[in-house]
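Since the structure comes first, as structure tokens, the remarks are kept for the end.
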Amino acid sequence: MRTDIFARLDREPEPPKIEVPRMTRTRLALFGGTLAFYLAIVVAVLLSTWLVTLDWKIMLFRPYQQWPDLHAFLDYYVVLGQRGPTAVMVAAWLGWRSWRQHTLRPLLTLGAALLLLNATVGAVKLGLGRLGPHYATQVGSAELFAGGDIFPSGHTANAVVTWGILAYLATTPRARRYLSALSAVVALGVGLTTVYIGTHWLSDVLLGWAAGLLILLALPWCEPLISRVESLVLSARDRLREQLRARRRLVPSLPVATGGPRPTTLYPPRPAAAEEPVRETVGAHSGRTSSAARGEGRLAPPLTAAPRAHAGHAGHGARSERTPVTPAGSRRPPHSRPLTGG
């Protein structure tokens, strides 16, 4: 007997009614505040303010040497912010959600969020070109425009977006609250882990949190485009299905008169392995001779069997209607001369 837990794993009979998040005033205010925080971090690093000094103090403190016992665990924990593994895990879950709810919105939303993440974070990384703590050349310097690519932190921004998308796509307010808190804890831990192992400055992590949150807050503006792409993909899928069904039902049809023979099928049946040889009628090939008959100078017997004897000659057995074969020479029987007495 099945329980409600396993029943929820089945595919729903029809697409459920899911409320799509909208750009409300609260969300718009959060977006504006996060954007201001983002710009403040960039300006503070560009001007080499107290934030850059704090970066250097934490770097010279070397947390990985102060607490070496945590290093083994945090090396695995930081993978939760790596783009490849996290994208595969979250895409698998959202793919099942798409199949169950008859919609492509979860996968398309994830794709749009990752596209925005790569475009915005990647552009800032390459534009500012900041070097990481392990490659710093001058103490107290912001290490900008030196060919690096660590500002903002890609691990932190990816953790915010990848795990935060689960809260964004939650179907109930309760699930949205729980998943929001869980994704915030995971993203916070990933960012601090990169500072611990020395791959990022603290300002990199702060800017990564802001960059990921901006993408999540801006997703409602992408919902109309996501809906349009979904309708186009589903329409193309339906047309392809109809074409495949039409090809399967395709059978050659020919006009047939009433009582006439039925049209042949597309693939006629194969002939039997052994068929009875065709018999020739008597006299049909009377001029044809076999090789043996030509060698002996006589006609070859016909290929048909002899007919049955007439009823009047039943007592004398079956009698062949063939002409008896005689030599090609004289037809007179031997000893044709009369016998004389004496």
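The values are calculated or read from the model by the stated rules, or taken from the named source; none is laboratory data. Quantities reported herein were computed from a predicted structural model and do not represent experimental measurements. Ideal geometry is used to build each Cβ from the backbone, glycine not excepted, and the neighbour counts take in all protein chains shown. Note: accessible area is taken over every heavy atom of the protein model, side chains too, but ligands, DNA and RNA are not part of it. Shrake-Rupley method; radii C 1.70, N 1.55, O 1.52, S 1.80 Å.
Residues checked against (1) more than 25 Å from GLU223 (Cβ to Cβ); (2) assigned to a helix (DSSP H, G or I):
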{"residue": "GLY147", "(1), (2)": "yes, no"}
{"residue": "THR156", "(1), (2)": "yes, yes"}
{"residue": "VAL160", "(1), (2)": "no, yes"}
{"residue": "LEU166", "(1), (2)": "no, yes"}
{"residue": "THR171", "(1), (2)": "no, no"}
{"residue": "TYR178", "(1), (2)": "no, yes"}
{"residue": "VAL185", "(1), (2)": "yes, yes"}
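Quick one: in segment 111-136, of everything that is closer than 29 Å to TRP201 by Cβ, hydrophobic (A, V, I, L, M, F, W, C) and in contact with a helix residue (DSSP H, G or I) (Cβ under 6 Å, 6 or more places away or on another chain), which residue is surrounded by the fewest Cβ atoms within 10 Å (Cβ to Cβ)? Give the derivation first.
As a first pass, look at segment 111-136 and keep what is closer than 29 Å to TRP201 by Cβ: 113-136.
Right, trim to hydrophobic (A, V, I, L, M, F, W, C) and you get 113-117, 119, 121, 123-124, 126, 128, 131, 136.
Then keep just the ones that are in contact with a helix residue (DSSP H, G or I) (Cβ under 6 Å, 6 or more places away or on another chain); that gives 113, 116-117, 121.
Numbers: ALA113: 22, LEU116: 18, LEU117: 22, VAL121: 25.
By that ranking, first place goes to LEU116.
If the requirement is being part of a helix (DSSP H, G or I), crowded, with 16+ Cβ neighbours inside 10 Å and at pLDDT below 95, which of these qualifies: PRO85, PRO106? Even if it seems obvious, please write down each step before you answer.
Working: PRO85 fails: crowded, with 16+ Cβ neighbours inside 10 Å.
From the options PRO85, PRO106, the qualifying one is PRO106.
Against the condition surrounded by 14 or more Cβ atoms within 10 Å (Cβ to Cβ) and either modelled with pLDDT of 90 or more or in contact with a His (Cβ under 8 Å, 6 or more places away or on another chain) (or both), how does LEU47 come out, does it pass?
Values: surrounded by 14 or more Cβ atoms within 10 Å (Cβ to Cβ): no; either modelled with pLDDT of 90 or more or in contact with a His (Cβ under 8 Å, 6 or more places away or on another chain) (or both): yes.
When the stated conditions are applied, LEU47 does not pass them.
Any residue that is open to solvent by less than 30 Å² (accessible area, probe 1.4 Å), under 30 Å from TRP96 (Cα atoms) and among the small types (Gly, Ala, Ser) - is there at least one of those in segment 188-200?
Yes - at least one qualifying residue is present in segment 188-200.
Got a sec? Which of THR34, THR26 is of a type in the set (S, T, N, Q), open to solvent by less than 90 Å² (accessible area, probe 1.4 Å) and assigned to a helix (DSSP H, G or I)? If you could, list the steps in order and put the result at the bottom.
Details: THR26 fails: open to solvent by less than 90 Å² (accessible area, probe 1.4 Å).
Step by step, each of THR34, THR26 is checked, and only THR34 is of a type in the set (S, T, N, Q), open to solvent by less than 90 Å² (accessible area, probe 1.4 Å) and assigned to a helix (DSSP H, G or I).
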